[in-house]
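First the structure, in the form of structure tokens, and then the observations on it.
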Amino acid sequence: MHYDREKTLAKGKRKDKAFIRVFCGIFISVGIILFAVSIIVGVSDHTFRQNAEPVDAVILAMRGVTSESLGTPVVRYTVGGNTYATTLNVATSSMHPGKRITVYYQKGNPQKVRYLDSNGWLISLFVFMGFVFVGMGTAFWLAKRSRERKARRLLATGKVVEAEITGISEDTSQSMNRRHPITVSCRYTAPDGRVYFFHSGSFWYESYEIDPKKKVRVYVPQQSGKLLCGRK
């Protein structure tokens, strides 16, 4: 099948850049959202606690308990001689009917109550997960940039040889719009008779855009035995 090589190269580069932006962008965005949630929860709890008083409460029941949900605790507490019952919006695995816990009620409005003791570990979890997501997205982007710099240096200084294509396969570890990039396996026979087998990185070509009967350029570092499969 005939194809325009320059257009194919340009399309592959656009897809590769789009994948990096989407992949890294999703991870970094999720991390930033988790950071934002932890800040919002922390500030909200701090503000509420400054204008609140603690009070002992007893859990009357756990509403909506299922195999997948802890349910929500219904608590009873007494403020100023008056008894109140309300449903909290947070639950922990240690909660059960009859257990006594400390809740915080807003001064001047005893019916506005929060359970704050569990939010410390929740905020810590959000911060930790935020670091994980941002770190993964950033690490992937930096690793990609490092590989690109090494590839450009090898393309500029390496020695070119011709290798036979031995296989074309999809890299299922990457996906965009339900499609996968491809990798190419190559074989090069050196003048001394030694045979080298190597594998290309992933790139966004269609398999039909590469003619397996044609050889590909391989860039060999001048002072190393490493080979980099190029595209012809």
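Observations, loosely collected:
- Note on the range 83-173: Kirkwood radius taken over Cα pairs, Stokes-Einstein applied at 4 °C and 1.567 mPa s, translational D equal to 65 µm² s⁻¹.
- The heavy atoms of L122 present about 50 square angstrom of accessible area, all protein chains included, probe 1.4 Å.
- With all protein chains in place and ligands, DNA and RNA left out, the 1.4 Å accessible area ranks I39, I210 as I39, I210, largest first.
- For the range 120-191, a simple Cβ point-charge model (Lys and Arg +1, Asp and Glu -1, everything else neutral) yields a dipole of about 320 debye relative to the Cα centre.
- The range 115-140-the range 68-96 distance, computed between alpha-carbon centres (Å): 26
- Accessible surface calculations at 1.4 Å, restricted to protein heavy atoms, place the range 88-186 at 62 Å² per residue.
- For K17, solvent-accessible area (1.4 Å; no DNA, RNA or ligand), Å²: 130
- For the peptides 178-187, 48-57, residues were scored by their other Cβ atoms within 10 Å and the scores averaged per peptide; the highest-first order is 178-187, 48-57.
- At 0.692 mPa s and 37 °C, Stokes D of the range 15-57 from Kirkwood alpha-carbon radius, µm² per second: 250
The values are calculated or read from the model by the stated rules, or taken from the named source; none is laboratory data. All of these numbers come straight from a predicted model, not from anything done at the bench. With ideal geometry, Cβ positions are generated from the backbone for all residues, glycine too; neighbour counts draw on all protein chains shown. Surface accessibility is based on the protein's heavy atoms, side chains included, excluding ligands, DNA and RNA. Shrake-Rupley method; radii C 1.70, N 1.55, O 1.52, S 1.80 Å.
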